[in-house]
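Below is one structure; the comments refer to it alone.
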Amino acid sequence: NELIREASEPFIGKQNNQANRNSLHTAIKSGLEKIKGTLIEAYEFNLVVDPKVMKFAYIDIDYSIVPIYEIREVRNRIKVKDQL
């Protein structure tokens, strides 16, 4: 969420045109690619551009991420056997 906000920040105040939306898409993708393989396994995102809401000066970004599974606990197992 913070990464997407940081990537989007430079576009606030710019015109909502195709060129700026393409640049925004590239900035978000670049940021997500930087953390892919270390913090996330995969991602998908989409800039939702609805002509009906363009006059309200916002763009919605739908996204999903697949986090990398991290080690949270290490368990030890021990078996006690009788002598052979």
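The values are calculated or read from the model by the stated rules, or taken from the named source; none is laboratory data. The shown structure was predicted, so the numbers you read here are calculated from the model rather than taken from an experiment. Cβ atoms come from the backbone with ideal geometry, glycine included; neighbour counts cover every protein chain shown. For accessibility, only protein heavy atoms count, side chains too; no ligands or nucleic acids. Shrake-Rupley method; radii C 1.70, N 1.55, O 1.52, S 1.80 Å.
Probing with 1.4 Å while keeping every protein chain in the model, the per residue accessible area of the chain equals 90 Å². Using only alpha carbons, the chain has a radius of gyration to Kirkwood radius ratio (Rg to Rh) of 1.37. Report, to the nearest whole %, how much of the accessible area of the chain belongs to carbon and sulfur atoms, 1.4 Å probe, protein only. That share works out to 51 percent. FRET efficiency for the pair residue 1 and residue 54, taken as 1/(1 + (r/R0)^6) with r the Cβ-Cβ distance and R0 = 35 Å, rounds to 0.90.
The phi-based Karplus calculation (6.51 cos²θ - 1.76 cosθ + 1.60; θ = phi - 60°) puts the 3J(HN,Hα) values of the range 5-15 at 4, 5, 5, 7, 3, x, 8, 5, x, 8, 5 Hz, whole numbers, x for Gly and Pro.
Around residue 64, with a cut-off of 15 angstrom between Cβ atoms, what is the net charge of the other residues, counting Lys and Arg +1 and Asp and Glu -1?
On the way: positive: 29, 36; negative: 41, 44, 60, 62.
Here the charged neighbours net out to -2.
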